Amino acid sequence: MPDQEKEKNAAATQSPDGQPAPSAPAKAAAVAEETPAQYFFGEPLVGFDPSEITGSLIVIEGMDGSGRSTQIALLQEWLESEGFAVQTSGLRRSNLVGRDIDELLAKNAVTRLTLALMYATDFFDQIEHRILPALRSGTVVLADRFIFTLIARGVVRGINRDYMSGLYAMALRPHLTFWLNVRPETAFGREFKKAQAISYWEAGRDMSLSHDLYWSFVRYQTMIKREFEVMAKRHNFIELDGEASVSAVNKQLRQRIAEQLGIRATKYTPSAALAHLWR
Amino acid sequence: MIMENPEPVQKQPRVEPPKSTLPQPGRPVPSRAYPGALIVVEGTDGSGKSTQLYLLKRWLEIGGYRLHFTEWNSSPLVKSATRRGKQRRLLTPTTFSLLHAADFADRCERQIMPLLQGDYLVLADRYIYTAFARDAARGCPPRWLRNLYRFAPVPDITFYFRAPLDVAVNRILSGRPKLKYYEAGMDLGMSYDRAESFRLFQARILEEYDKMVDSDSFVVLDGTLPVNRLQKQMRDIVASKIDLKRFAPRAQESE
């Protein structure tokens with residue numbers, strides 16, 4: 001994370017960001033002097049001590065069809081081959097409400113605020129029960145989307161931007177945030193290929209943008225993309241061209257992650273199990 | 001139109017529908033901006049608030065007033081998640097708070113706001129102040145909590161039933177055999193004894209409620225008074241602060 005990198009340059013002993021190296025006393029000293037803003041977007045999370053973090057949180061953001069899940073599968077294999085323990089997270093995967101959200105989406109009876117808050121519940125349940133325990137044990141967490149998608153979805157539905165970011169004030173700041181940027185038109189083709197259909201929510205049909213599914217998808221995803229452009233600057237996203245080949249995108253991801261984790265070699269060829277993803 | 005207009009809107013019966021019934025989360029909307037009226041009761045467990053709101057509701061129902069009653073933590077959409085979270089003790093202060101906010105948002109967007117727009121008298125047994133008191137007692141940052149509920153209409157009257165800790169706690173402990181885990185604040189790890197944990201938790205909540213009396217314009221009522229005297233006070237205040245005639249079509253016709 002850039003803020004943390006700056007801090008590191010200023011005082012090498014105060015590295016808080018889960019680099020494998022720092023010694024315990026240096027870390028304890030660092031914690032006393034640092035503000036919660038380094039670990040959280042706003043408020044500190046209840047009952048959590050940031051000094052316990054020894055892992056790294058790496059976020060991959062991007063719209064449906066931007067290639068996130070493909071890249072995460074490949075990165076997980078690469079990191080494991082480099083000897084790093086990896087945990088993944090993603091939207092609607094919490095034990096607490098993951099399935100409840102699926103049901104709400106299927107029923108389509110839910111209003112935008114309730115849905116936004118259910119997603120927030122899902123997010124924080126994963127932070128507290130999946131991501132934090134992993135980060136405490138030195139694991140690399142690969143997050144398939146993060147608060148940015150959730151904030152953008154709320155904002156394009158007319159929920160106040162400050163409200164949405166306030167909701168996620170207690171979210172952990174990632175060490176790296178990648179944004180796989182693609183044109184909605186490209187994403188449409190990729191998504192359609194996967195399921196031979198476009199889902200109600202992917203196309204933002206609750207927003208009544210167009211009866212034409214294609215236009216509804218493109219307009220909705222364009223709105224989301226605009227929100228991402230706003231956030232990209234503020235939160236130092238590393239923007240990658242999601243329309244480049246899988247191997248080219250993967251190479252760029254590996255380079256930045258290798259830098260973050262102190263891995264020297266970034267050579268990687270997927271195993272037979274994942275070879276089909278490598279186009 | 002409500003959002004763009006900072007002045008209080010006159011309470012006139014509306015003929016044409018307002019342009020937008022959608023709330024704008026992030027800006028508190030005074031309920032006086034709506035045609036309807038919102039009365040809420042708050043207080044610790046055992047303060048007598050539910051009994052009093054029930055009696056107020058009966059009084060208004062018998063009078064034929066147009067009203068809707070809503071309870072904390074009752075949205076069917078969110079219920080199963082809350083129940084599972086509590087049963088399996090999966091909830092942390094943060095997720096406990098968020099799940100209750102989701103429940104409230106569902107009732108707010110689908111009941112409270114449309115009914116206030118539709119010129120109803122809405123009675124709420126517990127409102128956002130319950131979350132402010134209880135979740136702050138659990139350690140959630142107050143600023144974060146205030147933001148979380150910024151979409152909620154501000155009530156016309158907020159009754160705060162205040163009873164001394166021992167009185168309220170004893171009412172609950174004598175009447176109910178077993179306290180539930182989260183209800184007793186067991187998740188805070190203050191005591192292994194449920195009754196003792198409950199007492200400590202309620203003390204913290206009471207403290208949080210007291211902090212809001214001025215900032216949130218609570219009407220404080222003494223929860224130790226006899227039920228009928230307290231109800232008389234409550235009815236007098238409602239009648240003086242709210243133009244009840246507006247919610248009773250029959251009374252208007254006979255004029």
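Quick note: the coordinates plus some simple rules give every number you see, no bench work behind them. Note that the structure is predicted; figures quoted are calculated from it, not measured. Backbone-built Cβ (ideal geometry, glycine too); neighbour counts: all protein chains shown.
Tabulated data for the structure shown
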| read-out | value |
| --- | --- |
| Restricting the range B:117-129 to residues that are surrounded by fewer than 24 Cβ atoms within 10 Å (Cβ to Cβ) and assigned to a helix (DSSP H, G or I), the residue that is farthest from the other protein chains (Cβ to nearest Cβ) | B:Y129 |
| Residues that are more than 8 Å from chain A (Cβ to nearest Cβ) and either among the small types (G, A, S) or closer than 18 Å to A:Y119 by Cβ (or both), drawn from the range B:88-102 | B:F96, B:S97, B:H100 |
| Set A:R93, A:R68, A:R112: member being within 15 Å of the chain's Cα centre (by Cα) and either surrounded by fewer than 17 Cβ atoms within 10 Å (Cβ to Cβ) or within 14 Å of another protein chain (Cβ to nearest Cβ) (or both) | A:R93 |
| Residues located in the range A:71-90, provided they are assigned to a helix (DSSP H, G or I), polar (S, T, N, Q) and buried (at least 18 other Cβ atoms within 10 Å of the Cβ) | A:Q71 |
| Within the range A:151-174, tally of residues that are in contact (Cβ under 8 Å) with a residue 40 or more places away in the chain, within 17 Å of A:E43 (Cβ to Cβ) and within 14 Å of chain B (Cβ to nearest Cβ) | 10 |
| Criterion: free of Cβ contacts under 8 Å to residues at least 12 places away in the same chain and either under 22 Å from A:F146 (Cα atoms) or more than 19 Å from the chain's Cα centre (by Cα) (or both) - qualifying residue of A:S216, A:S199 | A:S199 |
| Residues being without any contact (Cβ under 8 Å) to a residue 12 or more places away in the chain and within 7 Å of chain A (Cβ to nearest Cβ) - total across the range B:67-87 | 1 |
| Test: residue in the range B:86-101 that is over 30 Å from B:G189 (Cα atoms) and assigned to a helix (DSSP H, G or I) | no |
| Pairs where the first residue, in the range B:124-141, is without any contact (Cβ under 8 Å) to a residue 24 or more places away in the chain and the second is assigned to a loop (DSSP other than H, G, I, E, B), C-beta under 8 Å, 6+ apart | B:P141/A:E43; B:P141/A:P44; B:P141/A:V46; B:P141/A:A169; B:P141/A:M170 |
| Residue match in the range A:142-157 (condition: polar (S, T, N, Q) and either over 16 Å from the mean Cα position of the chain (by Cα) or farther than 20 Å from A:F228 by Cα (or both)) | no |
| Criterion violated by A:V140 - all others in (1) closer than 21 Å to B:Y149 by Cα; (2) in contact (Cβ under 8 Å) with a residue 60 or more places away in the chain satisfied | (1) |
| Residues within the range A:134-162 that are under 29 Å from A:E52 (Cα atoms) and in contact with a Pro (Cβ under 8 Å, 6 or more places away or on another chain), tallied | 3 |
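Residues checked against (1) crowded, with 19+ Cβ neighbours inside 10 Å; (2) assigned to a helix (DSSP H, G or I):
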position	(1), (2)
B:A168	yes, yes
B:L173	no, yes
B:D187	no, yes
B:Y192	no, no
B:S197	yes, yes
B:A203	no, yes
B:V213	no, yes
B:T224	no, no
